[in-house]
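Asker: This structure is in structure tokens; I'll ask about it shortly.
FYI, it's all coordinate maths here, none of it is from the lab. Model, not experiment: these values are computed from the prediction. Don't worry about glycine lacking a Cβ; one is built from the backbone with ideal geometry, like all the others, and counts go over all protein chains shown.
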Amino acid sequence: MFFSNESQIKEINRLKRQVADLQIKLREMEIKFDFEIGVKKAHILKLKNGEALSDDYVVNNRSYMDLTPEAAYELYNDFDQDFILLDVSEADYTPAGELPEAIRIPLEELSHNLHKLPGKGKSYLVISEQGVRSIKACRFLNKSGYFNLSNISGGYKYWPAFKNLTSIVSSNNAA
């Protein structure tokens, strides 16, 4: 199509840019909507399964739950519960005790190793050294489409079965 009028060409280019900007905004809205739907589905599933939801989780539209180490330990020892234990501690970190069934993927390697996780529909307990890396992992996993996530607050440092082991290891290192 040939335009002799330069102002028409400028107007067409402006409209093309405007359409491109609108397409970007639409895609961003779709992503946000999908995220919100995923969070709501996670809330509904937890309610359906009889899980207690904190006010913070619902009111602030949290995408993962924070569990106390004691609550996580109780869940861990309940053989009727089906979950994946994901350890995102640093590669060279050795906990005071062992959780042999944990899938160990350091946080820095998680984005390249999502294929090692059993699936987005599974329930995940996420643990790390002190719970900071596990929060970051929950946020990353959520953005990657995982919605049934629980962070173990305090991580290995406060894991009930390891509390006494941690103090023994610390006192042996001090000797």
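Asker: Among the residues of region 122-137, write down those that are surrounded by fewer than 24 Cβ atoms within 10 Å (Cβ to Cβ) and β-branched (Val, Ile, Thr).
Answerer: Across region 122-137, the qualifying residues are Val132, Ile135.
Asker: When you look at Gly50, is it in a loop (DSSP other than H, G, I, E, B) and under 23 Å from Tyr156 (Cα atoms), yes or no?
Answerer: no
Asker: Restricting to region 105-135, count the residues that are over 27 Å from Phe79 (Cα atoms) and in contact (Cβ under 8 Å) with a residue 40 or more places away in the chain.
Answerer: Selection size over region 105-135: 0.
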